[in-house]
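I have placed the structure first, in the form of structure tokens, so that the comments after it can refer back to it.
The numbers here are math on the coordinates, done by the rules we state, and not lab data. Here the structure is a predicted model, which means the values were calculated and not measured. A quick note on method: Cβ atoms are made from the backbone with ideal geometry, for glycine too, and the neighbour counts reach across all protein chains shown.
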Amino acid sequence: MKKTITGRCGSLWASLRLNIPLEGHAERLQGGICRRLVQVAALTTAVPALLLTNASAAEQKVDFPAEYAQGKHYASIVRGDTREELYTTPDAVAAASRGEPLPEGTVITMEDYRNNQLYRYVVMEKRKGWGQAHPAELRTGDWEFQWFNPDRTVRSGENLDRCRACHTSQSGNDFVFSFDRMKEAD
């Protein structure tokens, strides 16, 4: 005997088609359906939240480069009340001056000042295979980005796809806006 039980549990509706006799069991089954619906609803809420949390944690590949200022200061860029100081490794400057892609392991650190106050640090780091984690339209070679607060902690919730989307326009310069300035710094 086929029987369809339709029930409501809170704001959830469900329909279950059964091939078993229901005499004396319908109430118990509907109560079980209600419990199962609550469990499924909880999972459909918790799992995506868990995945988003893990995705954010997994996304942070770039650590703050504590020794960046001991590298090569290769540019100062001033636009109105914004001043950017750019640092990288001597190997990166040498590669840029030869017109070659920047080597794996290159770290570029930007100090971003607003009204002469340190506003943030933005760091780019290049590691083999890092670019594969992103869709083609946001892929910037093997570069990853990270925004750090003035106290060098990660700015949580920052949408780093904005960095990627902008830097894709620089594919001819190894995705680095300041590549030409780096060439001149040698």
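Structural remarks
- Inter-probe distance in nm under a simple model that places probes 7 Å from Cα toward Cβ, at Asn116 and Ser156: 3.4
- Here is the list for the stretch 68-142: trypsin sites (Lys or Arg not before Pro) lying in DSSP coil, each with at most 15 other C-beta atoms within 10 angstrom of its C-beta, are Arg98, Arg127, Lys128.
- Proximal charge balance of Asn116 [Cβ under 11 Å; K/R count +1, D/E count -1]: +1
- What the pair-distance distribution of the stretch 68-184 shows, using all Cα-Cα distances binned every 5 Å from zero, is 2, 12, 21, 25, 22, 13, 5, 1 percent.
- Cut-off 15 Å, label 7 Å out along Cα→Cβ of Phe64, residues of the stretch 101-120 by amide N: 109-112, 118-120
- Each residue, Asn149 and Ala136, gets one label point 7 Å from its Cα in the Cβ direction; the gap between the two is 4.0 nm.
- Between Gln170 and His73, the modelled labels are 2.0 nm apart [label points 7 Å from Cα along Cα→Cβ].
- Around the Cα centre of the stretch 74-140, unit charges on the Cβ atoms of Lys, Arg, Asp and Glu (plus for the first two, minus for the last two) sum to a dipole of about 120 debye.
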